[in-house]
Amino acid sequence: MSFTFTTMTLNLVLLMAMVATNILSLYHLSSTLQSPKSPKPPPPVPDQLLHQLHTIRATINHLTLLQNTNNPTKKSTIPSDLLLYSHLSPIASSCHNHPELLHKYMTYTPFSLCPSDSDLAESLILRGCHPLPRRRCFSKTPQKQIPPNSLPKNPFPSSLPDNAVIWDHYQCKSFDCLNKQNPNLGFQPSRDISRFNSYKTDLDLPIQQLFQIAAAAKSVLRLGLDVGGGTGSFAAAMRLRNVTVVTTTMNVVAPNSEAVALRGLVPLHMPLQQRLPLFDGVLDLVRCGRAVNRWIPLTVMEFLLLDVDRVLRGGGYLWVDHFFSKGVDLEKVYAPLIGKLGYKKVKWATGNKTDAGGVKNGEVYLTALLQKPVSR
């Protein structure tokens, strides 16, 4: 009975979709015939009609899924553990936009070793499928384990142990290889020990100066977040001053999360578009490094900055460190956007981006330290 009802409903929705499609076609045709000699393009399709078509399409997909699930004669292609988990917890809506990747990720043998597919997980997360569904399998460990007592105790060790990483999906198979490719990626931590302690241009903000600013404002720095913090060098520098900083990072082409953890720090494996997994008003400081730049869509940037405002306590600090954009965009787009926060400008410095890309595109850097109002 349920299967028959679902089939009837699906047929009805298909009929509605066909009618809506015909209406859309007639709309475009009538718009074109009304002014055959006019060079102007036809008017855009109303948002309400597009929304209705999108809703119909989503309903068809959902009912098709139910039909395949309830039809005993048709074998479902959805992994069984994905169906099981969907009854326990909601799955991020963006995951459904990439069913092939999601199904591949959730295809495994329960209570056995998980597939070696960290690259697949990374692809899903970057596409907005986050948090990923949980899996009932055992995570793999590196073949050659290092003794716990030999793990680095200094957050700025001279080297990181290769044996602590599963290198299957990386072009490089060692930290030394990554350092040779680009010594500025942070995989030789001892090189970064002076990075946040030196002052070369107005774009720099040494940590000692940061603490002096906070002390002068009768504020404190105890807890912080480094957004897009790579291998965790800022968190390491703050740890030397007894400040706890958590780093958000991704393993796009290198094991950033493992590098952060090997330094005795906490990596949060999450994309920039994801809501910060922290409660309101709990942080003293949020730093946004070079991962936050003009390549992020403006709407995503708006949500990010307002989410940072959410987790900062009254009187807390937002440090925008070497944000880059085109000079004209900084003046007309990003500066007004930052201004909407209503924060006090403690530091605001700009400078030309002098590498090849910066010169070609007329890009500039911005370093800003902003203080959230104590009360609103």
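Length gained on full extension, Phe279 to His96, computed as 0.36 nm times the residue gap minus the Cα-Cα distance: 63.1 nm.
Below 8 Å, C-alpha to C-alpha, sequence gap of six or more: please give me the relative contact order for the stretch 119-210 in percent. The value is 19 percent. Taking every Cα-Cα distance in the stretch 207-259 and sorting them into 10 Å bins from zero, the calculated P(r) comes out as 25, 46, 21, 8, 0 percent.
Pairs of lysine residues in the stretch 126-276 that meet both criteria, 8 or more places apart or on different chains and Cα atoms under 29 Å apart, total 10.
Modelled spin labels at Val252 and Ala216, positioned 7 Å past Cα toward Cβ, are 3.6 nm from each other.
Normalised Debye scattering of the stretch 252-376 at q = 0.21 Å⁻¹ gives log10 I(q)/I(0) of -1.30, counting only Cα atoms as equal scatterers and leaving out solvent.
Which order do the peptides 346-352, 183-189 take when ranked by the mean count of other beta-carbon atoms within 10 Å per residue, highest first?
Values: 346-352: 15.0, 183-189: 18.7.
Ranking, from highest mean packing down: 183-189, 346-352.
Put simply, the amide H of Gly230, placed in the peptide plane, has neighbours under 5 Å in Met250, leaving out anything fewer than 5 places away on its chain.
Each 5 Å bin from 0 upward holds the following percent of the Cα-Cα pairs of the stretch 122-247: 2, 8, 13, 17, 18, 15, 13, 8, 4, 2, 0.
Shown for the stretch 237-324 is the translational diffusion coefficient from the Stokes-Einstein equation, using the Kirkwood radius over Cα pairs, a temperature of 25 °C and a viscosity of 0.890 mPa s: 175 µm²/s. Rounded to the nearest 0.05, what FRET efficiency do Asp355 and Asn197 give with R0 = 22 Å and r taken as the Cβ-Cβ distance? Could you check? For R0 = 22 Å, the calculated efficiency reads 0.40. Ligands, DNA and RNA left out, the 1.4 Å accessible surface of the stretch 250-298 is 64% carbon and sulfur atoms. Straight-line reach from Lys347: taking Cα to Cα under 13 Å and skipping same-chain neighbours fewer than 8 places apart, the aspartates and glutamates in range are Asp202, Asp204, Asp321.
The values are calculated or read from the model by the stated rules, or taken from the named source; none is laboratory data. This is a predicted model, so every value here is computed, not measured. Please note: Cβ atoms are built from the backbone with ideal geometry, for glycine as well, and neighbour counts cover all protein chains shown. In case anyone asks, the SASA skips ligands and DNA or RNA and just uses the protein heavy atoms, side chains included. Shrake-Rupley method; radii C 1.70, N 1.55, O 1.52, S 1.80 Å.
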